[in-house]
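*Asks:* Here it is, the structure, as structure tokens.
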Amino acid sequence: MLQPIKNLLEGSLIKYIAAALQLAVTVIMLIPTSGITYINFSQSDKLLHSGIYLILFVVWAFALKLDRKGGMFLWLLVGLLTFYGIVIELIQEKWIATRTADVWDVMANSAGIVIGIIVFYKLKRRFRFKT
């Protein structure tokens with residue numbers, strides 16, 4: 001029953017999904033909020049950030065087959081996603097008039113990445129990937 005999911009996670013389609021997801025997140029994070037009814041999300045906003053980065057990490061980890069590579073690649077992905085989150089916040093502050101940078105968003109992104117590492121290794125064991 002889980003074989004189709006395992007096939008997706010091991011196949012090349014996951015690379016396209018990861019790239020499309022990264023592009024979608026970039027667009028969503030950089031859309032000006034003018035004309036959109038603003039809702040103060042507070043903690044919900046941070047949960048959303050954590051969830052997005054958790055998903056980004058897990059999808060990229062499977063796409064890059066981190067289960068078959070050394071730990072250096074895992075830390076490289078962690079560093080790249082963290083850097084990406086910081087850059088997005090800086091772009092929001094500098095060039096998107098209706099958005100601001102928030103250090104707590106960066107912290108939430110980082111928390112999502114850490115949780116993503118745990119989820120990735122749990123899924124890897126669940127689907128019994130070859131290493």
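*Asks:* Counting other Cβ atoms within 10 Å, which trypsin sites (Lys or Arg not before Pro) in segment 56-108 have at most 16 and lie in a DSSP loop? Walk me through the numbers on the way to the answer.
*Replies:* Details: sites: Lys65, Arg68, Lys69, Lys94, Arg99; in loops: Lys65, Lys69, Arg99.
Taking segment 56-108 and a limit of 16 other Cβ atoms within 10 Å, the loop trypsin sites (Lys or Arg not before Pro) found are Lys65, Lys69.
*Asks:* Can I ask one more? Kindly flag which residue pairs out of Lys15/Lys122; Lys65/Lys94; Lys94/Lys124; Lys69/Lys94 have an alpha-carbon separation exceeding 30 Å in this structure.
*Replies:* Beyond 30 Å between Cα atoms: Lys65/Lys94; Lys94/Lys124; Lys69/Lys94.
*Asks:* Separate question: If you take every residue apart from Leu90 with its C-beta less than 13 Å away from the C-beta of Leu90, what net charge results, scoring Lys and Arg +1 and Asp and Glu -1?
*Replies:* -2
*Asks:* On alpha carbon coordinates alone, what is the Rg over Rh value for segment 44-131, Rh being the Kirkwood radius?
*Replies:* Rounded to two decimals, Rg/Rh equals 1.05.
The numbers here are math on the coordinates, done by the rules we state, and not lab data. All of these numbers come straight from a predicted model, not from anything done at the bench. A quick note on method: Cβ atoms are made from the backbone with ideal geometry, for glycine too, and the neighbour counts reach across all protein chains shown.
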